[in-house]
Every structure is written in C-alpha cells, then in structure tokens.
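Working notes, beginning with the structure itself.
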Amino acid sequence: MPAVIKPELPLRISLVQGATRWHDLPGNRDYYGTLVKSLQGHSDLIVLPETFTSGFTNRTLGNAETMQGESLAWLKTLARDVDAVVTGSIVIREGERCYNRLVWMRPSGQFDIYDKRHLFRMAGEHERYGGGEHRLTVDLKGWKICPMVCYDLRFPVWSRNRYDRDAGRFDYDLLIFVANWPSPRRYAWRTLLRARAIENLSYCAAVNRVGVDGNDLHYAGDSAVLDFLGQPLVELGAQEQVVTVTLDPASLAAHRERFPAWMDADDFSLMP
C-alpha cells in the first residue's frame, strides 16, 4: 500500500450555531463576537454560519462590504484575540459583482478566501452573486482542510477527496460546510453530510444557523461533526449552541488503512 502523509496532532474544532440578525451587520459582529470570544484558549478552528453578518439576503448590494470593510477588519482582530482560525462566509462586493465569500482568517491576520461555487437558483442566488471557480484547501496543525458553502453540499464531484500518489496524501482530512439551510430540507442536509463523510474517508463538520430570517424561513440548526464513517461526534439542536470537538488523527489514519476504498477510486480532474 502506498505511504500516506497524515496529520499527527489532534485538532480542536468549534461550531458556533447562532441566530443571525437580519440585515444587521454591526449587531451580528457583536453577537457572534461574544460567542467566539468564549472559546479563547479552547479551540484551534472556530466555524461560523454562511452569511453570518447579514443572513442569506436578496438585498446584496445593501448588505455587501468590500475586502477593506469593517467585517474583514473585525475578523482579523477576533482571530488574533482568540488565537484561532475563524471562518464563515460574508457578502462581499467587487465592483458591481457580489460574492458569497468564505474567509479563512488566521490569528496572524493572513487569510484565504473561497467564493461559493454552486449558487442556489431556487432562491435566485445565481442572479445576484458571482460563482467561484477554485476549490480551497488550507493547512492547520498538519491537517488538510477543505471549506465549502451550503449548496455545495449537493455536488459530490466538487467535494471529492482524491489521493495524490506523487505527494503521498489526500486532498484533505476535514471537509467543512457553512450554511443557511432551511428546516424544510433538513433531512437532505443530515443525509448528505453523512454521505460526504463516508465517501471521502474524511471527518466532516457543518455549521447551520437557527431561528427565523427576514424571508420567514425557519432554520433548525442540525450543525454537526461527523467521523469518517458518518457517525456523529456531536449533533446540535435547534437553538443557539457553541460546542468544541477534538478530532483524532490516529483514528482517521487507521480507518483509511483498514478500509482503503480510495485505492479503487476513479481518476478525474476538476474543470473551472
């Protein structure tokens, strides 16, 4: 069997499942900032929901910021103060185009971005936002992590975990989804999260919001951390919750060695 490079250290991941305030950017920064600061010294990675500063809004230009705006500066300060990576998506404007942009903010102030690839046409997202073309993979404590946004969950090719024989490792060890996923479709949410973890031989973490938004859509939360068998390490309810789970690299490595389905996977390339 080929050698596999794998993470060696445990990873503490925190889910911040909140009731996002509708179109209230300063209020959401205060609200989520308080929840995140409670994790100082207790987490390596803190995950917020999709569009956590505004809610999943149709009024893009009215709620969008630039990359020089207050929310990005706030994220930099927050990640530094809690000494952890903080991630979630916000509405970003570049020229006349808006993006549902995930920001991966490190304590150093350096960051990466991922623009949501799959735009939810049933709500007209494809008419209001530009779509991303590139998948993001980041490193944290020796872990490879692939963060995605909401509707991306329904497209398994985009999130497929491949083994690079030249590099001797998988694309990622942890798959993350941040979401505003309404409760009428919660069965799909829960089912697809398990499928993504199982098929990709990877941990999977997902953060959804709770409450009711300005479009009268209800959100049931159901944020979770799943292991590589699709078994929940933690599952959240339908209320505000903040939880931290420690991921074990040895268990992941043992499963990949014991059940090497990746060796029979089809080769393919992702096209923009």
* Structure fact -> Apart from one, (1) crowded, with 20+ Cβ neighbours inside 10 Å; (2) not in a strand (DSSP E or B) all hold for TRP104; the odd one out is (2)
* To do: Show the residue pairs that are 6+ apart or on different chains and have beta-carbon atoms under 9 Å apart, the first residue being within the stretch 187-198 and of a type in the set (A, V, I, L, M), the second being assigned to a helix (DSSP H, G or I) and modelled with pLDDT of 95 or more.
  => ALA188/LEU153; ALA188/ARG154; LEU192/LEU153; LEU192/ARG154; LEU193/LEU153
* To do: Determine, yes or no, whether TRP143 is of a type in the set (Phe, Trp, Tyr) and out of contact with any Ser or Thr (no Cβ under 6 Å at 6 or more places or on another chain).
  => yes
* To do: Select, from LEU11, LEU35, LEU45, LEU15, the only residue that is farther than 24 Å from VAL210 by Cα and touching a residue at least 60 places away in the same chain (Cβ under 8 Å).
  => LEU11
* Within the stretch 227-247, can you find the residues that are over 21 Å from PRO49 (Cα atoms) and exposed (fewer than 15 other Cβ atoms within 10 Å of the Cβ)? -> LEU229, GLN231
* Asked: Of the numbered conditions (1) touching a helix residue (DSSP H, G or I) at 6+ places or on another chain (Cβ under 9 Å); (2) within 19 Å of GLY95 (Cβ to Cβ), GLU133 satisfies every one except a single condition; which is it?
  -> (1)
* Which one of these is under 16 Å from VAL47 (Cα atoms), surrounded by 18 or more Cβ atoms within 10 Å (Cβ to Cβ), within 14 Å of the chain's Cα centre (by Cα) and not β-branched (Val, Ile, Thr): TRP181, TRP189? -> TRP181
* Asked: Do we find that ASP166 is acidic (Asp, Glu) and either without any contact (Cβ under 8 Å) to a residue 12 or more places away in the chain or within 19 Å of ILE13 (Cα to Cα) (or both) in this structure?
  -> yes
* Residue that is nearest to ARG256 (Cα to Cα), among those in the stretch 166-216 that are of a type in the set (Phe, Trp, Tyr) and part of a loop (DSSP other than H, G, I, E, B) -> TYR172
* Asked: Within the group ARG160, ARG209, ARG196, which residue is surrounded by fewer than 22 Cβ atoms within 10 Å (Cβ to Cβ) and basic (Lys, Arg)?
  -> ARG160
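The values are calculated or read from the model by the stated rules, or taken from the named source; none is laboratory data. Since we're looking at a predicted model, the values are computed, not measured. So basically every Cβ, Gly included, is an ideal-geometry build from the backbone, and we count neighbours across all protein chains shown.
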